[in-house]
1. Please work out if GLU28 is in contact with an Asp or Glu (Cβ under 8 Å, 6 or more places away or on another chain), part of a helix (DSSP H, G or I) and among the charged types (D, E, K, R).
2. When only residues in the stretch 1-29 that are modelled with pLDDT under 90 and among the basic types (Lys, Arg) count, which is farthest from the chain's Cα centre (by Cα)?
3. Counting only residues that are in contact with a helix residue (DSSP H, G or I) (Cβ under 6 Å, 6 or more places away or on another chain), free of Cβ contacts under 8 Å to residues at least 60 places away in the same chain and not hydroxyl-bearing (Ser, Thr, Tyr), which one in the stretch 45-65 is surrounded by the fewest Cβ atoms within 10 Å (Cβ to Cβ)?
4. Step by step: first the residues of the stretch 1-28, then only those that are open to solvent by less than 50 Å² (accessible area, probe 1.4 Å) and touching a residue at least 24 places away in the same chain (Cβ under 8 Å), then the one that is nearest to TYR53 (Cα to Cα). Which residue is that?
5. Which of the residues spanning the stretch 37-72 are outside any helix (DSSP H, G or I) and within 19 Å of GLU18 (Cα to Cα)?
Amino acid sequence: RAVIGARPGRAMVVRDEEGLLAGGITPEGAQAFAREAAGRFRFGSNLRGSAQYRQEICQVLVRRGLLAMEGE
């Protein structure tokens, strides 16, 4: 699961409902889950970043977090 914040609204939990990580955390699975997680939310724009930028950063941070967990 991942928790996504810094967007309009409160932080929300995303669970791996599609089983993208069922066989373990792999780079491909982490990327697929990150893309899925970022696609579930609406991101807002302001002076600090556009909605598109926030969605891209969400994908990057979720993927990095999963891969860091896999390395532990």
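1. So GLU28 does not fit the description; no.
2. ARG10
3. GLN55
4. Within the stretch 1-28, the match that is nearest to TYR53 (Cα to Cα) is ARG7.
5. Of everything in the stretch 37-72, those that are outside any helix (DSSP H, G or I) and within 19 Å of GLU18 (Cα to Cα) turn out to be ARG40, PHE41.
The values are calculated or read from the model by the stated rules, or taken from the named source; none is laboratory data. Note that the structure is a prediction, hence the values are computed from the model and not measured. Glycine gets a Cβ as well: all are built from the backbone with ideal geometry, and neighbour counts include every protein chain shown. Ligands, DNA and RNA are excluded from the accessible area calculation, which covers all protein heavy atoms including side chains. Shrake-Rupley method; radii C 1.70, N 1.55, O 1.52, S 1.80 Å.
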